[in-house]
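See below for the structure under consideration.
The values are calculated or read from the model by the stated rules, or taken from the named source; none is laboratory data. All of these numbers come straight from a predicted model, not from anything done at the bench. Virtual Cβ from ideal backbone geometry, glycine too; neighbours counted across all protein chains shown.
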């Protein structure tokens, strides 16, 4: 008996040292072990626009596919109403006792400052991965103080949509490759003159008069419209480089009357193009998928790069979203696996489906899905290399300021533009002070 006992002790010790355990799915006594289900909750903004609905539907689809592929994991898409903005809605949600693990939404400096988003770089390094497959400009913009706060997704650079028929009718060469704002406006004048329609108001171009375009113009001239801290526009929005750039735009708009002002580069641009009111329009990639629903019109539309100042550099203030892991998540490892398997995996079903509506940020996926070979989408992809952070990414409060552009739009000279920009800068600065 003593010998048997000794052998038993040695065997038990050997098993312990070897790290052996009971077979998976069993407990002592032969009872099946309860499988612990991991629950991942992804927060994203609710909304009624086609873009938001498509994004929600796609992530919900991928959540179900992931649950099927990875047993024991449940993925929930939680849609947040955001009447006062997405960041406040996220802040309020994170105060609750309910868990949350991932966040899909626009780059938001407020959430970043509050430390709500985890740094992904240590996770890349732990798995011996790099960010090389992501476009460098986007990775740089999503990195704040040395921390990668999310995987950049759905970038929205500006580019020029143009109607090929309008160019042919006016006898103007279609734009290709690098060009300047002077060339853009000269083309707009000729397009308007060569495409008049009795009883219909037409323009050579449509231009979004917003902070995204202003920042692109300013950075092309080597100057931002806002201070580095993001808290002041006076001395920046009305600086000489910005005034000269905006003055050039206004001169061509008001002297030739060939360009129409719209409030943004989104749905309004699609409306102007689909109604064939303009020969060119500066807009975001979202319009491309909308135009795709009209094959007859789509065949007439080309895309050219965003122009730059004649003596300036290419600059494109682009918005983008991120898929981030929340700092307070208790399932960071499972959340990171979801990001790797779905968002970063260039072969995932997600890339193909997401690429039907959005620009992909994985170089390999853009190549495999054909985005890099598409004549129009390849232009938008090329614009990513000139990407810069929009002014609102320096200060989230800028997204909610009220801007009165009537005086600026009516400016007939550089002096008048300077006075209007100075007034606008002072008004915005006061609003920023009031929001503190």
Could you list, in sequence order, all residues of the stretch 158-186 that are assigned to a helix (DSSP H, G or I) and closer than 20 Å to residue 297 by Cα? 164, 165, 166, 167, 168, 169, 170
Within the stretch 187-210, the count of residues that are crowded, with 23+ Cβ neighbours inside 10 Å and either out of contact with any helix residue (DSSP H, G or I) (no Cβ under 9 Å at 6 or more places or on another chain) or part of a helix (DSSP H, G or I) (or both) comes to 3
Filter the stretch 374-415 for residues that are surrounded by fewer than 20 Cβ atoms within 10 Å (Cβ to Cβ) and out of contact with any helix residue (DSSP H, G or I) (no Cβ under 8 Å at 6 or more places or on another chain); which is farthest from residue 164 (Cα to Cα)? 415
Hey, among the residues in the stretch 422-436 that are in a helix (DSSP H, G or I) and free of Cβ contacts under 8 Å to residues at least 60 places away in the same chain, which one's surrounded by the fewest Cβ atoms within 10 Å (Cβ to Cβ)? 434
Does residue 262 qualify as being buried (at least 16 other Cβ atoms within 10 Å of the Cβ), within 30 Å of residue 51 (Cα to Cα) and at pLDDT 95 or above? no
If I filter the stretch 104-113 for residues that are more than 20 Å from residue 318 (Cβ to Cβ) and in contact with a helix residue (DSSP H, G or I) (Cβ under 8 Å, 6 or more places away or on another chain), do I get at least one hit? no
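If we scan the stretch 17-38, do we find a residue that is touching a helix residue (DSSP H, G or I) at 6+ places or on another chain (Cβ under 8 Å) and modelled with pLDDT of 95 or more?
Among the residues of the stretch 17-38, not one is touching a helix residue (DSSP H, G or I) at 6+ places or on another chain (Cβ under 8 Å) and modelled with pLDDT of 95 or more, which makes the answer no.
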Matching helices (runs of 4 or more DSSP H) fully within the stretch 346-421 where at least 3 residues are at negative phi and either at pLDDT below 95 or assigned by TED's automatic domain parsing to the domain that holds residue 137 (or both): 349-354, 363-368, 406-409
